Amino acid sequence: MRRRGISHQAAVILFDLIVLLAVDTALLVLYRTNFRYLGAEGVLAQFLLSVVSVFLFRFLFGAYRQVWHYADAPAYMKLILADFLALCTHYAVQQLLPFNRMSLMRTMALFAGDLLAVMSARMVYQYLYKIKSRDSRLSEMLRNAIRSLTGINIRPGDADEGALGQKTNIAIVGAGRIGAALAEELAANPRSTYAPVCFIDNDPEKIGRWISGLRVFSEEAITEDFLAAYPVQEVVFALPQMDAEKTRALYTRYKNFGCRVKVYDYPLAHTEDGARRSMREFDFEELLFRRPEDFLSPETREYYTGKTILISGGGGSIGSELCRQIARMKPKKLIVLDVFENGAYDIEQELKIAYGRDFPVVPEIVTVCDREALRAVFDRHRPQIVLHAAAHKHVPLMERNCVEAVRNNVFGTLNIVDAAEEYGAEKFIMISTDKAVNPTNVMGATKRLCEMIVQSRTGGETKFSATRFGNVLGSNGSVIPLFRRQIAAGGPVTLTDRRIIRYFMTIQEASQLVLTSGAFARDGELFVLDMGQPVKILDLAESMIRLSGFEPYRDIDIKETGLRPGEKLYEELLVKGEDMTKTASEKIFIEKDQPLTKEEIQKKLDLLQAACDTTDDEKVKEALQQVVPSYRPPAEESKQ
């Protein structure tokens, strides 16, 4: 490979030397006025001086280390700068020679002619390398002419590196910076399986013009016949600022045209600067909901930087996203505490791949129900901030496993609260749920009691708070993956009741708002996140079916299965809607709730512990009703 590179470099140098000598001959010998004025010795001196000055600066600027079929604008700018300095040097040095001199204009003409010739040759070579002969008659004619005149066979990139066969023609929606970058990337990569054929854009300044060798068409011009004429097999969106409604409309339109639709580089998990872009299928979350926002302020990021942070349930969907967000803030140490080793291992490996093997992430496989094991972890790491995300959350499962729900959610929270207090953590932030508001199920009742435990621990060195939000897109057990599987299986799509509405937030937004509320926390607050407008689950199911290319009730049916035990038609976020205080973030509010004392909470816990000791789920439910006054089981609620 190295020998091939050297021979290629030598060929470029030889070509440039021939071009320079040809230009010198034209201007110094064939141009009779110059020859009579300079004389033979002067012409020879100008020959040698031009060769030395040109190649000196081209070598200094790395012109012969450049692989020219991958050249970009900076490579050509370096060549131009090198030849400009060579011109200045040539003109200055010739003033010192004891021969007749060329005028500045004649010197500029010589160097400009040489630069024009070598740049034109490089551009033609780059064009012939990139453009396959089957795509352009002009490129084929130029290759044949060069082969006939010089014997040089310039093969296109895929012929050099192994063709992959027929490529997929794509139209790029968005002729801006990202769309142009995609077109350039695909054109420069001979191994790519995609061939861009045109741009689609609504900017009147771009319509009808050419970008990266592709024509820009307006959206109005795109019809099914137009796409078939190219032909376009896939449409790729490269518009990161487009709102969800516009994206959804265009997605549906191109799907109806029979094209596969993909997106380039704006997933819900936003890429960091310099991250690798990718072309992928749309996620339903992007088409059904607004684009997620970044809520982390510089002050919030600074708060977590350089601190030892423990995340319980760190291998779960919420916990692992908290780990990702914290990792970007450069903590001193990140402890991932989870009873399930697979999740903890996965997030540990993900962070080490992203931030290097030395990133300070430590998985601890411990259940929050094991009080002594928790104390050992706190003693070993002394976390400054504790984010408590560990909990059983599936409503129907917890209705059938009440004892386990109470032991894990309530007494597990009590254990980690006590450990944080005992070992001097600065802050403790518990993640709660909208199901804790006027709960009708065991899971919601346990989370409400957890909020009460956290709020009772005010006045000490550790500052406690809880953050409440609704359903999280992308979390384990989310309705969207269920609907997706049912649609893929041909239906029917099932929902418990056509009237059900739910609040939704992306997993990134929820995690960022939890971290922001944690930074705000002073002591004992119950933070409530603004979840936006609720979504009707029936509308969600119908939209997902249509976006999959089917018609609801005709191609794929939607069936009701009846409300599950403990399930509500709608969720609430506040206990008392009027008792709410604003914070510095417009998305975060504080609910005013009168906390119980530590002693009052202990009496409730003793009663609940006695019920758990019986291992009788019904007695546990009865005890929960006594300790959580707002808890109304389904049977009781139906009587009202």
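Of note:
- The listed residue being in contact with a Phe, Trp or Tyr (Cβ under 7 Å, 6 or more places away or on another chain) and touching a residue at least 40 places away in the same chain (Cβ under 8 Å), out of D338, D379: D379
- Among the residues making up segment 211-232, a single one is aliphatic (A, V, I, L, M), in a helix (DSSP H, G or I) and more than 15 Å from N169 (Cα to Cα): A221.
Per-residue answers, yes or no, for (1) modelled with pLDDT under 90; (2) buried (at least 23 other Cβ atoms within 10 Å of the Cβ); (3) within 24 Å of K332 (Cα to Cα):
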{"position": "V386", "(1), (2), (3)": "no, yes, yes"}
{"position": "R407", "(1), (2), (3)": "no, no, no"}
{"position": "I431", "(1), (2), (3)": "no, yes, yes"}
{"position": "A436", "(1), (2), (3)": "yes, yes, no"}
{"position": "T462", "(1), (2), (3)": "no, no, yes"}
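- Any hit, segment 365-372, residues being in contact (Cβ under 8 Å) with a residue 24 or more places away in the chain, assigned by TED's automatic domain parsing to the domain that holds E341 and in a helix (DSSP H, G or I): yes
- Unmet requirement for V235, which otherwise passes all of (1) in a helix (DSSP H, G or I); (2) touching a residue at least 40 places away in the same chain (Cβ under 8 Å): (1)
The values are calculated or read from the model by the stated rules, or taken from the named source; none is laboratory data. Given the structure is predicted, the values throughout are model-derived calculations rather than measurements. Neighbour counts run over all protein chains shown; Cβ positions are idealised from the backbone, glycine included.
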